[in-house]
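As structure tokens, the structure follows; a few thoughts come after it.
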Amino acid sequence: MTRRDDAIAALERIAYLLEREREPSYRVRAFRNAAAVVGALPDAELEERSRRSTLHGLAGIGPVTAQVIAEALTGTTPAYLQRLETEVPPIAEAALALRRALRGDCHVHSDWSDGGSPIEDMARTAIALGHEYIVLTDHSPRLTVARGLSAARLRDQLDVVRGINERLAPFRILTGIEVDILEDGSLDQEPDLLAQLDVVVASVHSKLRMPEREMTPRMLTAIRNPHMDVLGHCTGRIVVGRGRPESEFDAAAVFASCREHHVAVEINSRPERLDPPMRLLKLAIETGCRLAVDTDAHAPGQLEWQLRGCERAAACGAAAEIVINTMPAGELIAWTRTT
Ligand SMILES: [Zn+2]
Ligand SMILES: [Zn+2]
């Protein structure tokens, strides 16, 4: 069956386009699952079932995916895919160019905290995506719901990362953390340990609704901390489901401080966050801040989300040069060492 690859490609392309359109993940998964089922089917059975139109009798294949497969197997572009290709707007060339310029991802979780996969799986997926490095940024101790790492566990993690890096060279897992910005603006990890890490992302995860007159000094105190390198998802908003409003803070003051203290403002590419909102992203760029286009991936597949952040950066006219993860690892580390 020479068209098997066409059917798999059509199903995966549909999944990709649905994901870009932020369709619910169960719909995306249905097409990815069907692609896996087609991939695993013996030639004879695939032929037989497509001839008798009984593909949808297989576990993991429903009427819609069966139709897509049947059409692809006859050598035509499935109607479902054709429709999606015309409906989903093309990605701007500037966004694609920025994505190509990215060498790594500065915000990635593993199963050491609330991620779903081992460090090495995340790294191998990043390699497949063409990255030269990722920064491993598991959570800090106070975020107990996310199994934040104590100082001792983080030290253990540093040893583990060293071992994995020996196997995966020249790819590099840079050491890091997503450290909580506590209510008083201090960072939730031992300063000596923060000083050792390559990249420190700091984020607000608690008391997101505190009044502006408290939130602004809280963030400014953190940004002045010499160990902080990236301000993670600055508003904390959630844009899907019931959602969560933006935290209130003096954005002009916060971004001015980021520029002054060499702290990059993160563009968080997670579809439910897309943080900062466009008006604040534009303000950060106008202020002269550096940016980090990150996925905040908690699973290997989520490492692909970076393009979404690139689209937002490109739409705001951000040059590749201001994005810190367009730098090679060595330059990035040198940059984070400047306080
Ligand atoms: Zn976070
Ligand atoms: Zn995170």
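Of note:
- Residue match in segment 166-173 (condition: under 25 Å from Met122 (Cβ atoms), touching a Lys or Arg at 6+ places or on another chain (Cβ under 8 Å) and away from ligand 1 (no atom under 14 Å from the Cβ)): yes
- Among the residues listed as Leu158, Leu194, the single one being closer than 22 Å to Trp335 by Cα, open to solvent by 10 Å² or more (accessible area, probe 1.4 Å), without any contact (Cβ under 8 Å) to a residue 40 or more places away in the chain and away from ligand 2 (no atom under 15 Å from the Cβ): Leu158
- Residues (of a type in the set (Ser, Thr, Tyr) and open to solvent by 20 Å² or more (accessible area, probe 1.4 Å)) located in segment 271-319: Thr287
This table checks each residue for (1) at pLDDT 95 or above; (2) over 21 Å from the mean Cα position of the chain (by Cα); (3) assigned to a helix (DSSP H, G or I).
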site: Val179; (1), (2), (3): yes, no, no
site: Gln189; (1), (2), (3): yes, yes, no
site: Ala195; (1), (2), (3): yes, yes, yes
site: Val200; (1), (2), (3): yes, no, no
site: Lys207; (1), (2), (3): yes, yes, no
site: Met210; (1), (2), (3): yes, yes, no
site: Glu214; (1), (2), (3): yes, yes, yes
site: Pro217; (1), (2), (3): yes, yes, yes
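- Residue check for Arg49: without any contact (Cβ under 8 Å) to a residue 12 or more places away in the chain and surrounded by 15 or more Cβ atoms within 10 Å (Cβ to Cβ): yes
- Number of the condition not met by Gly236 [criteria: (1) open to solvent by 10 Å² or more (accessible area, probe 1.4 Å); (2) touching a residue at least 24 places away in the same chain (Cβ under 8 Å); (3) part of a loop (DSSP other than H, G, I, E, B)]: (1)
- Qualifying residue in segment 124-145 (condition: surrounded by 15 or more Cβ atoms within 10 Å (Cβ to Cβ), outside any strand (DSSP E or B), within 16 Å of ligand 1 (Cβ to nearest atom) and within 16 Å of the chain's Cα centre (by Cα)): yes
- Complete set of residues in segment 310-339 that are touching a residue at least 24 places away in the same chain (Cβ under 8 Å) and closer than 15 Å to Asp229 by Cβ: Ile322, Val323, Ile324, Asn325, Met327, Ala329, Leu332, Ile333, Trp335, Thr336, Thr338, Thr339
- The number of residues in segment 137-155 being within 11 Å of ligand 2 (Cβ to nearest atom), at pLDDT 95 or above and farther than 17 Å from Ser186 by Cβ comes to 2.
- Qualifying positions in segment 81-113 - in a helix (DSSP H, G or I) and buried (at least 17 other Cβ atoms within 10 Å of the Cβ): Leu81, Leu84, Ala94, Ala95, Leu98, Arg99
- With respect to the conditions (1) within 23 Å of Leu154 (Cβ to Cβ); (2) in contact with a helix residue (DSSP H, G or I) (Cβ under 8 Å, 6 or more places away or on another chain); (3) not hydrophobic (A, V, I, L, M, F, W, C), Ser257 falls short on a single one, namely (1).
The values are calculated or read from the model by the stated rules, or taken from the named source; none is laboratory data. Everything quoted here is computed from the prediction, not taken from an experiment. Neighbour counts run over all protein chains shown; Cβ positions are idealised from the backbone, glycine included. The area values use the complete protein model at the heavy-atom level, side chains included, leaving out ligands, DNA and RNA. Shrake-Rupley method; radii C 1.70, N 1.55, O 1.52, S 1.80 Å.
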